[in-house]
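For reference, the structure is listed below as structure tokens.
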Amino acid sequence: MVSVIVPVRNGETHIRRCIDSVLGGTYTDLELIIVENGSEDGTLEVCRAAAARDARIRVLTTDRSGVSHARNLGLDAARGDYISFVDADDVISPVMLAHMTACAEATGCDVCFAHCAEGQSTDYAFPETAGARVPFTTADFLRGTYLTAETDYSSVCNKLFARALIGGLRFDESLRMAEDRSFLLRAGSRAGCLCRLDEKLYYYWKGNQASAVHRADSARRMDQVYSLQSDIAFLEKEHPDQPLW
């Protein structure tokens, strides 16, 4: 089973589209954990109405805002063998979970990831052609995360993680930006095997003007510096035998 964790705050206008994309896919052995954190609109009502219609949905609530806190609550509650994260304003391909679980089971990889599409369309059509599976080293993965800073690498949302790999690893709740990168470094450095699917399976919707990226001021962007300092210290301590990392 896959546990899909979706944090949401003030997502009344778009959370339904996200929910439909997860539940409407070809992979059905899943639980959708929606973590509503401090919304000031009708988000919670929309989520509870969806849960009343589909038993695969669980709705958690917290008054504390922050995507990292919400994701951590979802991780604590997850029961699946695999973990996937989706942002509330994005959508996934109907075959994303099916292709990723098939990849993980066929290769034994701890992390499988795919390409992202980005745009402002609310009815994006995913390509139907299946892509090749490409083995990835941890060094290649970290190089993509830190040197090119592409969404394909630096977001947790286009990936499938083995729950056993994550274990007690959690997101740094002190970070308002770069929390994905920090989590990926620690998860990726544990992984014995990573695999990339050469197909677009995740759609990053850039039309939400209230998203964290659009609200990123200088103070928030300083978190990127703080997280990088923490990441370097982590690598020097935990992986001194890997200077490339």
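The values are calculated or read from the model by the stated rules, or taken from the named source; none is laboratory data. These numbers were taken from a predicted model, which means no experiment stands behind them. Note: ideal-geometry Cβ built from the backbone for every residue, glycine included; neighbour counts use all protein chains shown. Just so you know, the surface numbers come from the protein's heavy atoms only, side chains and all, with ligands and any DNA or RNA stripped out. Shrake-Rupley method; radii C 1.70, N 1.55, O 1.52, S 1.80 Å.
At-a-glance table
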item: GluC sites (Glu not before Pro) restricted to the stretch 1-64 and DSSP loop, no more than 12 other C-beta within 10 Å; result: GLU40
item: For CYS116, distant residues with modelled amide H under 5 Å away; result: ASP152
item: Among 136-146, 51-61, 70-80, the order from most to least packed when residues are scored by Cβ within 10 Å on average; result: 70-80, 136-146, 51-61
item: Distance between modelled label sites at ASP76 and GLU128, nm, 7 Å Cα→Cβ extension; result: 4.5
item: Added length on full extension, which subtracts the Cα-Cα distance from 0.36 nm per residue, SER218 to LEU244; result: 6.4 nm
item: Largest-first ordering by accessible area, 1.4 Å probe, given options HIS99, HIS69; result: HIS99, HIS69
item: Length released on extending from SER174 to LYS237, taking residue separation times 0.36 nm less the Cα-Cα span; result: 20.6 nm
item: The stretch 119-239, dipole about Cα centre (Lys/Arg Cβ +1, Asp/Glu Cβ -1), debye to the nearest 20; result: 180
item: Simple label model, 7 Å out from Cα along Cβ direction - ARG53 to ALA106, nm; result: 3.3
item: Karplus-derived 3J(HN,Hα), 6.51/-1.76/1.60, for each residue of the stretch 181-191, Hz, glycine and proline x; result: 4, 4, 5, 5, 4, 6, 6, x, 6, 8, 5
item: Solvent-accessible area, 1.4 Å probe, carbon plus sulfur percent, for the stretch 1-130; result: 46
item: Mean-position separation - Cα centroids, the stretch 172-206 and the stretch 83-105, in angstrom; result: 13
item: Solvent-accessible area per residue, Å², over the chain with all protein chains present [probe radius 1.4 Å]; result: 45
